[in-house]
Amino acid sequence: MQQEESRVEPYDNTMLSVGDIDTASMLVAKGHELVSVDKISNKKSGFIFKKTRDTEQLIQDYWLDRVDVRALAFATARKNLKSRLFGLDTIRY
């Protein structure tokens, strides 16, 4: 149940850490697997994705405004990611 709170080694070649919620939202909306959300500090989190052969190119294309993403899928992904972030704030160890 608590998979998103577990620490994932971001330097693992099979994982990719993304610090920007909009980039993470785009990846989720495009069907990429979110493995965990790691709280780094009070104001910063890392979104850990399972890396595929096109993940890094997709991120590059996103920043070059070359990615088409369905607006509702993007908005839903962003809302869900924010919910996960706020949920991490309520967990006490």
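Name the single residue, out of those in the stretch 21-69 being surrounded by 12 or more Cβ atoms within 10 Å (Cβ to Cβ) and of a type in the set (Lys, Arg), that is nearest to the chain's Cα centre (by Cα).
Lys50
What number of residues within the stretch 19-66 satisfy the criterion of being part of a loop (DSSP other than H, G, I, E, B) and more than 17 Å from Asn80 (Cβ to Cβ)?
Looking only at that region, the number is 13.
Criterion first (closer than 14 Å to Asp22 by Cα, of a type in the set (A, V, I, L, M, F, W, C) and in contact with a Lys or Arg (Cβ under 9 Å, 6 or more places away or on another chain)) does Val35 satisfy it?
No; evaluated as a whole, the condition is false for this residue.
Mind checking which pairs have a first residue in the stretch 43-55 that is under 15 Å from Gly19 (Cβ atoms) and touching a residue at least 40 places away in the same chain (Cβ under 8 Å) and a second that is part of a strand (DSSP E or B) and of a type in the set (Lys, Arg), Cβ under 9 Å, 6 or more apart or different chains?
Ser45/Lys39
None of the figures in this text is laboratory data; all of them are computed from the coordinates on show. Keep in mind it's a predicted model, so treat the numbers as computed, not measured. Here Cβ is always computed from backbone atoms with ideal geometry, including for glycine, and neighbour counts include all displayed protein chains.
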